[in-house]
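The block underneath contains the structure these notes are about, expressed in structure tokens.
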Amino acid sequence: MGRLLHRPQTVLVRFFRRSLAHDPRWVLLTTRGRKSGQPREVLLPCGRTSDAIIVISAYGRRSNWFRNLEQDPEVTVTCAGWVLRAHADIIDEPEAKRALLAAHPYIPSFPFILLPFVLHPLLFPVARPLLLRFVHHRPIVVFRSRASGQ
């Protein structure tokens with residue numbers, strides 16, 4: 001499935017790059033290709049905290065961006081107009097994932113949809129059990145700025 005989405009993802013990133021790079025619900029992640037060593041960009045829905053960006057890997061460890069950051073966890077993230085060098089921490093333990101999502105709930109969103117902003121208080125109690133089931137077998141990645149020393 002990832003290969004089928006590669007070209008549309010590239011077109012989406014190129015076309016909406018400027019707009020989505022300023023959207024706090026999305027992160028433009030730049031990793032180093034594990035085989036080529038070249039920069040690779042992918043657009044991902046994210047949650048944000050005061051010191052971190054949280055991403056759920058929808059395809060688990062099969063995603064190319066995920067395999068790239070397993071090889072080299074030093075990445076660049078562009079989110080809400082900021083460009084930061086960051087370190088990626090992979091969280092696999094179910095209890096740690098539940099605690100993280102309980103402390104920082106978010107609903108992965110789609111571009112240009114105001115629904116999460118308007119209905120988040122109503123949707124999250126319904127979406128939370130589904131989100132916890134979804135992440136049970138998928139890793140969560142937490143990006144923290146290297147400048148923050150964490």
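The values are calculated or read from the model by the stated rules, or taken from the named source; none is laboratory data. Just so it is clear, the structure is predicted and the values come from calculations on it, not from any experiment. Every residue, glycine as well, gets a Cβ built from its backbone with ideal geometry; the counts of neighbours run over all protein chains shown.
Numbers for the structure displayed
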| quantity | calculated |
| --- | --- |
| Filter pass, residue 128 being modelled with pLDDT under 65, farther than 29 Å from residue 18 by Cβ and in contact with a helix residue (DSSP H, G or I) (Cβ under 8 Å, 6 or more places away or on another chain) | yes |
| Test for residue 17: is it closer than 19 Å to residue 69 by Cβ and out of contact with any Asp or Glu (no Cβ under 6 Å at 6 or more places or on another chain) | no |
| Verdict on residue 85 being part of a helix (DSSP H, G or I), of a type in the set (Lys, Arg) and either within 20 Å of residue 21 (Cα to Cα) or in contact (Cβ under 8 Å) with a residue 24 or more places away in the chain (or both) | no |
| Failed criterion for residue 50 (all others in (1) at pLDDT 90 or above; (2) surrounded by fewer than 17 Cβ atoms within 10 Å (Cβ to Cβ); (3) of a type in the set (Gly, Ala, Ser) hold) | (1) |
| Count of residues meeting criterion [β-branched (Val, Ile, Thr) and at pLDDT below 90] in region 61-113 | 2 |
| Residue list for region 32-55, restricted to those being in a strand (DSSP E or B) and not basic (Lys, Arg) | 39, 41, 42, 43, 44, 45, 47, 53, 54, 55 |
| Which listed residue is part of a helix (DSSP H, G or I) and within 12 Å of residue 143 (Cα to Cα), from 69, 29, 4, 12 | 69 |
| Among (1) part of a strand (DSSP E or B); (2) within 24 Å of residue 105 (Cα to Cα); (3) at pLDDT below 90 - the single one residue 58 does not satisfy | (1) |
| Some residue of region 54-64 being more than 16 Å from residue 138 (Cβ to Cβ) and of a type in the set (A, V, I, L, M) | no |
